[in-house]
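Report on one structure; see the data block that follows.
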Amino acid sequence: DAKTTQPTSMDCAEGRAANLPCNHSTISGNEYVYWYRQIHSQGPQYIIHGLKNNETNEMASLIITEDRKSSTLILPHATLRDTAVYYCIVRASNTGNQFYFGTGTSLTVIP
Amino acid sequence: KAGVTQTPRYLIKTRGQQVTLSCSPISGHRSVSWYQQTPGQGLQFLFEYFSETQRNKGNFPGRFSGRQFSNSRSEMNVSTLELGDSALYLCASSFGGATTDTQYFGPGTRLTVL
């Protein structure tokens, strides 16, 4: 039931900004966009979430387009430890507020 | 604040056996969700418990069951294990499961069925 589309993989040079796109063209007005990442075989780690305004925390920034059909997660200064699979999730109240994970984007940070 | 803990971390069973996995949520969290992660199917939602009641259920056979205790700790059980049940089982906790509640995941239990 994943309602998001993400590129399968991306590379980013260490120290540069990593911009991870996500399409969620069928998103409804009350649905939040969440981002998690998973480092190999560990539990997913929460990064950030938002509804319609851009959000920033100590880990990343989330930019949501005005029509809310897509978003971009920005890691401002990628490090090798940011190598992980990044999941963009639309969380819907009509599915019990559960997270439906898609296939995510495998980000590799290159030294 | 301690994170979500799961025990055991690794488990090896044989086909036909049953297994019980345990999850202790973050203190104060009342919602516990369980997920199965396999290379072929990715991360899939199993079920969610809130205040000792199953509130949501994913599309898994009845061999997968769970329960939650009054202290919010949760267990999941898989009976009559099949080879395809080999997976990383993850639990996640949140305050109450509302749209804005963030789920925090544990490290997972790696189950291998031989």
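The values are calculated or read from the model by the stated rules, or taken from the named source; none is laboratory data. What you see is a predicted model, and the numbers here were worked out from it, not measured in a lab. Glycine gets a Cβ as well: all are built from the backbone with ideal geometry, and neighbour counts include every protein chain shown.
Annotations
- Taken together, B:23, B:91 contain a single residue that is closer than 20 Å to residue A:46 by Cβ, touching a Pro at 6+ places or on another chain (Cβ under 8 Å), at pLDDT 95 or above and not hydroxyl-bearing (Ser, Thr, Tyr), which is B:91.
- Elements of type strands (runs of 3 or more DSSP E) contained in region B:1-77, each with 1 or more residues being more than 14 Å from chain A (Cβ to nearest Cβ): B:10-13, B:19-24, B:64-68
- Residue within region B:77-87 that is under 29 Å from residue A:31 (Cα atoms) and at pLDDT 95 or above present: no
- Evaluation of residue A:62 against the conditions (1) buried (at least 18 other Cβ atoms within 10 Å of the Cβ); (2) hydrophobic (A, V, I, L, M, F, W, C); (3) assigned to a loop (DSSP other than H, G, I, E, B); (4) more than 11 Å from chain B (Cβ to nearest Cβ) shows that the sole unmet condition is (3).
- Residues of region B:20-37 satisfying the condition of being of a type in the set (A, V, I, L, M, F, W, C) and in contact with a Gly (Cβ under 7 Å, 6 or more places away or on another chain): B:23, B:26, B:34
- Scanning region B:78-110 for residues that are assigned to a strand (DSSP E or B), more than 11 Å from the chain's Cα centre (by Cα) and more than 7 Å from every other protein chain (Cβ to nearest Cβ) gives B:87, B:94, B:110.
- Test: residue B:56 is crowded, with 16+ Cβ neighbours inside 10 Å and either more than 21 Å from residue A:86 (Cα to Cα) or at pLDDT 95 or above (or both): yes
- The one condition in (1) under 13 Å from the mean Cα position of the chain (by Cα); (2) free of Cβ contacts under 8 Å to residues at least 12 places away in the same chain that residue B:42 fails to fulfil: (1)
- Residue in region A:35-45 that is nearest to residue A:105 (Cα to Cα), counting only those that are touching a strand residue (DSSP E or B) at 6+ places or on another chain (Cβ under 7 Å) and either of a type in the set (S, T, N, Q) or surrounded by fewer than 21 Cβ atoms within 10 Å (Cβ to Cβ) (or both): A:38
- Filtering A:31, A:58 for residues that are over 14 Å from the mean Cα position of the chain (by Cα) and within 15 Å of residue B:102 (Cα to Cα) leaves a single hit, A:31.
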